[in-house]
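Following: one structure in structure tokens, then a few remarks.
The values are calculated or read from the model by the stated rules, or taken from the named source; none is laboratory data. The structure presented is a predicted model; accordingly, all values stated were derived computationally and were not measured. Glycine gets a Cβ as well: all are built from the backbone with ideal geometry, and neighbour counts include every protein chain shown. In case anyone asks, the SASA skips ligands and DNA or RNA and just uses the protein heavy atoms, side chains included. Shrake-Rupley method; radii C 1.70, N 1.55, O 1.52, S 1.80 Å.
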Amino acid sequence: LALGGLWAVWASAGGDPGGGARLGLLAVAALAMGGQSGLVRAVGPPGMSTTYLTGTLTGLLVDVARDGRVRWVSLALLASLVVGAALGGLLVTYAAPAAPGLPAGLVALVLLVSFVPQGGAVWGRLSG
């Protein structure tokens with residue numbers, strides 16, 4: 001909901017909100033990321049992060065150093081973060097009003113998939 005509201009305000013400003021609106025949208029984005037982090041920690045595989053690159057990279061390297069193996073879910077997540085950042089950058093550059101649609105859509109997709117009964121089994125296989 002926070003990302004959807006952010007998208008609505010962003011789009012109504014033509015993808016270039018000014019002054020106070022920009023600061024307010026930054027606060028809404030921070031709130032959304034905090035909520036996402038908390039939710040993933042509560043229901044996702046242990047050690048998974050979906051909101052920051054450095055923590056994911058660090059976790060991947062710690063697993064390799066400690067266990068001598070790569071957790072494929074961490075590697076896939078790291079690649080997804082890089083691809084998502086690139087897509088977000090392209091959207092901001094070429095379709096600014098639609099840019100917040102990428103994170104809002106992805107979070108909505110994850111929310112919908114989480115209602116599928118086999119969702120827990122999929123997470124278990126990915127984190128294995």
- request: List every residue pair whose Cβ atoms lie under 7 Å apart, where the two residues are 6 or more positions apart in sequence or sit on different chains, the first residue falls within segment 23-48 and is at positive phi, and the second residue, located anywhere, is open to solvent by less than 60 Å² (accessible area, probe 1.4 Å).
  value: GLY47/GLY59
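Please specify each residue of segment 66-105 satisfying the condition of being assigned to a helix (DSSP H, G or I) and of a type in the set (D, E, K, R).
In the first step, residues of segment 66-105 are kept if they are assigned to a helix (DSSP H, G or I); the result is 66-67, 72-94, 96-98, 101-105.
Passing the criteria: ARG66, ASP67.
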message: For segment 5-26, give me the residue count where each residue is open to solvent by 50 Å² or more (accessible area, probe 1.4 Å) and within 16 Å of the chain's Cα centre (by Cα).
response: 2
message: Looking at SER114 and the list (1) open to solvent by less than 70 Å² (accessible area, probe 1.4 Å); (2) more than 26 Å from PRO17 (Cβ to Cβ); (3) out of contact with any Gly (no Cβ under 7 Å at 6 or more places or on another chain), which single condition is not satisfied?
response: (1)
Where a residue in segment 59-75 is open to solvent by less than 70 Å² (accessible area, probe 1.4 Å) and its partner, wherever it lies, is acidic (Asp, Glu), with Cβ under 8 Å and at least six apart: VAL70/ASP63; ARG71/ASP63; SER74/ASP63
message: Given the options GLY44, GLY19, GLY89, GLY14, name the one that is of a type outside the set (Ser, Thr, Tyr) and at pLDDT below 80.
response: GLY44
